[in-house]
Amino acid sequence: MLFKDVLVDESLKKRLIGLVKENRISHAQLFLAQAGSHAFALAMAYAQYICCEHPGEDDSCGTCPSCAKFAKLSHPDVHIIFPNCTTNEVKKDPDFTQFAAKFRQFVFDHNYHIDINDWLMELGGENKQAYINTRDCAFIVNQNSIKSYEGGYKIYIIWSADRLYRDAAPKLLKTLEEPENKTLFILITENTEKMLSTILSRTQLVKIPKLKTEVIQQQLMKEFGIDEVQAADIATLADGNYNRAMELMNDDSDYKDMLAQVQLILGSMTSLAQPMPNKAEVNFLEVRDCFDSIIARGREYQKNFLAAFIHVLRAMLMQNSHQEAVSKASSMEKDIIERYAKVFSLKNVSQIFDECNRTMYHIERNGNSSLVFTDWYLKVAELIAPRP
Ligand SMILES: [Zn+2]
């Protein structure tokens, strides 16, 4: 992975390159990433630059033997460690080495935009807990006592480090604290709250910010050859998360359907919220059909629908408080915002967001979608309707 292909702020790339040039590489770094950022790609580009035999001013050469090994994710001194679990093929005592080939393919298939939920699906253990377990940590500790193959750095990239199994993590602490010379640990997580404080205190924090909408838009145009308006629509809805943008990209009709559904649900909630004499008829059959079709499209779609709902409400909030964010809304979103922002009471908006997030949580944990959405609809409608 070359820095030029990593979708992060240029200033962050410069900072990491500066550390290498000035020989100030801290031996344990924690990449704290926003969901859908290109954190894994950045870690690989950084590692590649450190190992490159002819590094340039702002990128690896891309052609030396070391770079060639990176391109295949097969450098013998670079170990990529990731969560794993028992599967149909590995029935007991799993460790990451048994899934290394599968993981490499997964990274290539997703162009380094990897997401833990996708990886769990790939493992076929969607409802299982996957961890970086004691065997994985023992591997690191053992490797650490062996010299590097090529005489340079030994690099451990620990992806989804928040899934370090609690009992396994202490094994790593001593290694993190007293590494051998020329050893680098890069831990990647989206969630520092789930990390052990003892590990946090031994690592240097590198924050990887959310992607800018314009960056996602440009990348979508480049990667998929779509026009500016469509790319802007998708980038806005993706809200800094490139994985979500690609999901939306895979089926553009999804995106348009989703906004139409948000509009229908919002419309019915708004009608319910009108005071009695003007109360508009709500077509509950239509509402039910809408939910049926959301549910039929699976859990990922259901979560995206809720994300779109939150996104539209947030834009209305900004419209109501005269902030400029609406100019960034996509064309279809603008229609919805203009239609409902005035009639929509957003007094309880933080509670509405809480309800949406709680609902996403239940969907992720395989709650009965039909019940979960009915509950969500009634609660949010009540939060919108002024109480008598
Ligand atoms: Zn090179």
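Throughout, read-outs are computed from the coordinates displayed, never taken from laboratory work. The model shown is predicted, which means the values in this text are computed figures rather than measured ones. Don't worry about glycine lacking a Cβ; one is built from the backbone with ideal geometry, like all the others, and counts go over all protein chains shown.
Some values worked out for this structure:
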item	result
Lysine pair count for segment 43-156 [Cα-Cα under 18 Å; pairs on different chains or 8 or more apart]	9
Euclidean distance of C-alpha centroids, segment 201-231 and segment 46-77, integer Å	23 Å
Label-point separation, L264 to S11 (7 Å along Cα→Cβ), nm	4.5 nm
At R0 = 51 Å, FRET efficiency that the Cβ-Cβ distance of K174 and E223 yields, to 0.05	0.75
Candidate lysines - alpha carbon under 20 Å from K14, same-chain residues fewer than 8 apart omitted	K4, K207, K210, K212
The chain, relative contact order in percent, only Cα pairs under 8 angstrom and at least six apart counted	17 percent
Among beta bridges that DSSP assigns inside the chain, antiparallel share in %, nearest 5	5 percent
Charged-residue dipole, Cβ positions (Lys, Arg, Asp, Glu), the chain about Cα centre, Debye nearest 20	1080 debye
Lys, Arg +1 and Asp, Glu -1 on Cβ, resulting dipole of segment 3-208 about Cα centre, debye, nearest 20	440 debye
Sorted peptide list for 240-247, 40-47, criterion being average Cβ within 10 angstrom, highest first	40-47, 240-247
Extension gain, A101 back to T86 (0.36 nm per residue minus Cα-Cα distance, nm)	3.8 nm
Helical contribution to [θ] at 222 nm, DSSP H n ≥ 4, -39,500 (n - 2.57), averaged over the chain, rounded to 500	-16500 deg cm²/dmol
Top positive-direction residue, dipole computed over the chain with Cβ charges, set L176, T270, V215	L176
Under 19 Å from the Cα of K171 - aspartates and glutamates, other chains or at least 8 residues apart	D93, D95, D136, D162, E180
Farthest toward positive dipole pole in the chain [+1 Lys/Arg, -1 Asp/Glu at C-beta], among A43, P55, G152	G152
Selection from V20, N250, M1, by position along the positive dipole direction of the chain (Cβ)	V20
Net dipole in debye of segment 129-270 [+1 Lys, Arg Cβ; -1 Asp, Glu Cβ; about Cα centre; nearest 20]	940 debye
Counted charge near E286, where neighbours are those whose Cβ lies closer than 15 Å (Asp, Glu -1; Lys, Arg +1)	-3
Residues of segment 150-164 with amide N under 11 Å of a point placed 7 Å along Cα→Cβ from T63	none
15 Å reach of a label modelled at Q129, 7 Å along Cα-to-Cβ, counting backbone N of segment 156-176	162-169
Chain lengthening between K21 and N250 when straightened (0.36 nm per residue, less Cα-Cα)	78.4 nm
